[in-house]
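Before any comments, here is the structure.
Just so it is clear, none of the values below were taken in a lab; they were calculated from the coordinates. Values in this document were obtained by computation on a predicted structure and should not be read as measured data. For neighbour counting, all protein chains shown are included, and Cβ atoms are generated from backbone atoms with ideal geometry for every residue, glycine included.
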Amino acid sequence: MNTNQIEGLVGMLTVLVILAFLVAPSAAGIVRDRRIDREIRNAARLIRTRV
């Protein structure tokens, strides 16, 4: 590998790391929302079965 290829690789990895930092909070929020939705559904089922 020559210097230009290494610089290109470093630049590409930098972009991928920045992208990961931008996407991670959104992914965590989606996972959290799905968990909350599942808990709400389970609570609604529990209420329906008790009534």
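List of remarks:
- Residues in the chain that are outside any helix (DSSP H, G or I) and aliphatic (A, V, I, L, M): Met1, Val51.
- Cβ-Cβ contacts under 8 Å between residues 6 or more apart (or on different chains), taken from a first residue in the stretch 1-16 that is free of Cβ contacts under 8 Å to residues at least 12 places away in the same chain to a second residue that is loosely packed, with under 10 Cβ neighbours inside 10 Å, are listed as Leu9/Met1.
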